[in-house]
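The values are calculated or read from the model by the stated rules, or taken from the named source; none is laboratory data. The model shown is predicted, which means the values in this text are computed figures rather than measured ones. Counting neighbours? That spans all protein chains shown, and the Cβs are built from the backbone with ideal geometry, glycine included.
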Amino acid sequence: MNHDSYDDSYIAGILGSVKTIAVLGASPKPGRPSHGVMNFLGRNGYRIFPVNPGQEGKEIAGAMTYARLAELPEPVDMVDVFRAPAAIPGVAEEILAMDPLPKVVWMQLGIRDDSAAARLEERGIKVVMNRCPAIEIPRLGRKLG
């Protein structure tokens with residue numbers, strides 16, 4: 001996969017097919033990008049599962065927060081990653097330990113790790129890097145589904 005540019009059909013296919021999204025690095029602070037994106041995704045019909053060990057058991061954006069991906073109460077279609085690029089190798093390991101695996105790993109703006117992406121893709125997971133679904137959804141509009 002060429003992660004330098006994505007066809008609109010690839011992004012639209014992902015955003016039109018996923019229903020459940022774990023937001024890794026979720027923040028309760030309204031000024032943080034993860035908080036805004038979670039609210040946006042929820043308003044646009046996705047079920048969100050915030051993941052943040054410091055907020056475990058609390059609600060963020062109206063959803064219960066979990067400490068780790070392994071503690072989610074049900075499988076998710078996508079993991080939306082709000083973590084520093086240096087954390088991505090460990091994040092990839094955590095994702096690859098999930099059962100079942102998510103269909104998609106989405107790394108937010110400024111986050112790219114080609115080695116981690118290759119490992120995830122080897123296991124059949126689609127990867128998007130350095131993009132934001134809250135930007136892509138309005139940009140693609142009716143192409144989503």
Q: Report whether or not GLU74 is modelled with pLDDT of 95 or more, of a type in the set (Asp, Glu), part of a loop (DSSP other than H, G, I, E, B) and more than 21 Å from ASP7 (Cα to Cα).
A: yes
(Q) Tell me the residue from ASP80, ASP99, ASP114 that is among the charged types (D, E, K, R), touching a strand residue (DSSP E or B) at 6+ places or on another chain (Cβ under 8 Å) and at pLDDT 95 or above, please. (A) ASP80
Q) All but one of (1) within 19 Å of ASP4 (Cβ to Cβ); (2) at pLDDT 95 or above; (3) part of a helix (DSSP H, G or I) hold for GLY90; which doesn't? A) (1)
**Q.** Out of PHE82, PHE49, sole residue that is at negative phi and in contact (Cβ under 8 Å) with a residue 40 or more places away in the chain
**A.** PHE82
Q) When GLY110 is evaluated against the numbered criteria (1) under 17 Å from HIS3 (Cα atoms); (2) crowded, with 21+ Cβ neighbours inside 10 Å, which criterion, by number, is the only one it fails? A) (2)
Q.
For the structure I just gave you, tell me whether SER5 is in contact with a strand residue (DSSP E or B) (Cβ under 8 Å, 6 or more places away or on another chain) and not in a strand (DSSP E or B).
A. no
Q. In this structure, is GLY31 in a loop (DSSP other than H, G, I, E, B), on the phi > 0 side of the Ramachandran plot and either out of contact with any Cys (no Cβ under 6 Å at 6 or more places or on another chain) or of a type in the set (Lys, Arg) (or both)?
A. no
Q: Select from the stretch 88-109 the residues that are closer than 21 Å to LYS29 by Cα and over 14 Å from the mean Cα position of the chain (by Cα) and list them in ascending order.
A: none
